[in-house]
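The values are calculated or read from the model by the stated rules, or taken from the named source; none is laboratory data. As the structure is a prediction and not an experimental result, all values here were calculated from the model. Here the Cβ positions follow ideal geometry from the backbone for every residue, glycine too, while neighbour counts run over all protein chains shown.
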Amino acid sequence: MLEVLIQMAGLILCGIVWQMVRPAGLDPAATRTVLTSVVYYLMLPALVLSVLWEAELGAQTLQTAAAGIFGILIGLLLSIFTCRACQASPAVTGAIVLAAAFPNVTYLGLPVLEATYGSWSRSVAIQYDLFAATPMLFTIGILVSAHYGHGRSSVRGMLTELRNIPALWAALLAVLLNVSGVPMPSLVDGLLGLLERGVVPLMLISLGLSLKWDRSQWRTLPSVVPVAIISLLVIPAVVYPFTGLIGLEGEWRSAVVLEAAMPSMVLGLVLCDRFDLDTTLYATAVTVTTALSLVTLPLWYGWMSG
């Protein structure tokens with residue numbers, strides 16, 4: 001597990017170094033936008049279609065979604081209560097709640113699971129994301145952001161957000177083909193295979209391009225402590241027994257718990273910007289929890305494997 005994470009960290013480091021070196025004079029933010037757009041609109045939908053078309057969908061799909069939703073709700077409740085106890089400002093509270101509750105289940109979780117358990121575990125990451133994390137982010141996450149920030153949300157707006165996610169359409173198509181028993185043509189299989197190979201390295205490099213640190217972030221460090229405790233320790237600690245209660249077993253259960261133990265997702269920065277939450281705090285949370293996860297993830301994996 002540690003060797004896997006070191007390899008993942010190497011790709012993340014490539015993105016960090018890119019920020020400093022700026023090859024060919026390319027702006028890091030513009031480079032990240034291009035990379036993430038290619039992954040988001042083309043490669044990730046191809047990966048979703050490839051994995052879910054022939055995946056075993058059934059009770060484990062519902063159990064994975066239930067575990068993901070449960071972990072996110074626990075993170076939301078604990079972070080809200082923590083911010084109330086500390087009398088944090090609304091902008092800070094909104095950023096903390098998003099950072100603590102929503103894990104980076106695809107951009108970091110998918111490559112970690114695949115390298116640790118094998119290609120079958122990609123289905124765990126994709127199902128956890130598309131059937132739990134993404135719907136929760138663009139519904140409950142938007143409501144929380146609008147409540148603590150400056151902005152308006154509506155059911156129609158949230159449905160529009162969900163409708164514009166290419167990976168969800170790919171998942172819907174894949175599930176329809178799966179349950180209909182349509183075999184995947186070898187030509188399509190080969191094309192999807194070529195596209196999906198670029199997902200993991202580009203995801204990790206893009207993550208590195210997203211990680212920033214400057215002097216202004218030092219003042220936010222104390223506020224990040226509860227985020228790290230809740231997201232990296234508490235949520236997986238409560239998801240583990242929950243997965244046992246709902247019947248998940250073996251490596252699938254371990255993979256789901258590791259997904260729950262992932263650091264803060266990068267996409268939350270978009271909601272912070274849109275609703276005027278504390279973006280600097282959120283960026284600090286992403287950087288700190290990602291760094292700490294290189295320690296906590298092997299601990300969770302070792303504990304569950306032992």
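Here are a few things to note about the model shown:
- Top-ranked residue in region 73-105 [being among the hydrophobic types (A, V, I, L, M, F, W, C) and farther than 21 Å from Thr279 by Cβ; ranked as surrounded by the fewest Cβ atoms within 10 Å (Cβ to Cβ)]: Ala85
- Any chance Gly208 is under 25 Å from Val97 (Cβ atoms), touching a Gly at 6+ places or on another chain (Cβ under 9 Å), surrounded by 14 or more Cβ atoms within 10 Å (Cβ to Cβ) and touching a residue at least 40 places away in the same chain (Cβ under 8 Å): no
- So Pro45, is it modelled with pLDDT of 90 or more, over 29 Å from Leu173 (Cβ atoms), in contact with a helix residue (DSSP H, G or I) (Cβ under 6 Å, 6 or more places away or on another chain) and not acidic (Asp, Glu): no
- Gln7 vs. criteria part of a helix (DSSP H, G or I), within 30 Å of Trp303 (Cα to Cα), more than 17 Å from the chain's Cα centre (by Cα) and not β-branched (Val, Ile, Thr): yes
- Selection of region 143-193 for residues being more than 25 Å from Trp53 (Cα to Cα), touching a helix residue (DSSP H, G or I) at 6+ places or on another chain (Cβ under 6 Å) and either at pLDDT 80 or above or in a helix (DSSP H, G or I) (or both) yields Val144, Ser145, Tyr148, Gly149, Met158.
- The set of residues in region 255-268 that are modelled with pLDDT of 95 or more, touching a Phe, Trp or Tyr at 6+ places or on another chain (Cβ under 7 Å) and part of a helix (DSSP H, G or I) comprises Ala255, Val256, Val257, Leu258, Glu259.
- Filter result for Leu113 (buried (at least 24 other Cβ atoms within 10 Å of the Cβ), more than 16 Å from Val234 (Cα to Cα), in contact with a Leu (Cβ under 9 Å, 6 or more places away or on another chain) and at pLDDT 90 or above): yes
- Within region 211-227, the set of residues being touching a residue at least 60 places away in the same chain (Cβ under 8 Å) and either of a type outside the set (D, E, K, R) or not in a loop (DSSP other than H, G, I, E, B) (or both) comprises Leu211, Trp213, Ser216, Gln217, Thr220, Leu221, Ser223, Val224, Pro226, Val227.
- Exactly one residue out of Ala95, Ala88, Ala100, Ala67 is in a loop (DSSP other than H, G, I, E, B) and out of contact with any strand residue (DSSP E or B) (no Cβ under 6 Å at 6 or more places or on another chain), and it is Ala88.
- Search result, residues across region 194-205 that are over 30 Å from Leu98 (Cβ atoms) and either acidic (Asp, Glu) or in a loop (DSSP other than H, G, I, E, B) (or both): Arg197
The rows are residues; the columns are (1) among the aliphatic types (A, V, I, L, M); (2) closer than 23 Å to Thr243 by Cα; (3) free of Cβ contacts under 8 Å to residues at least 60 places away in the same chain.
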| residue | (1), (2), (3) |
| --- | --- |
| Ala100 | yes, yes, no |
| Pro103 | no, yes, no |
| Tyr117 | no, yes, no |
| Ala132 | yes, yes, no |
| Met136 | yes, yes, no |
| Tyr148 | no, no, no |
| Thr160 | no, no, yes |
| Ile165 | yes, no, yes |
| Trp169 | no, no, no |
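- Answer from Ile235, Ile246, Ile230 - the residue that is surrounded by fewer than 23 Cβ atoms within 10 Å (Cβ to Cβ), in contact (Cβ under 8 Å) with a residue 40 or more places away in the chain and not basic (Lys, Arg): Ile246
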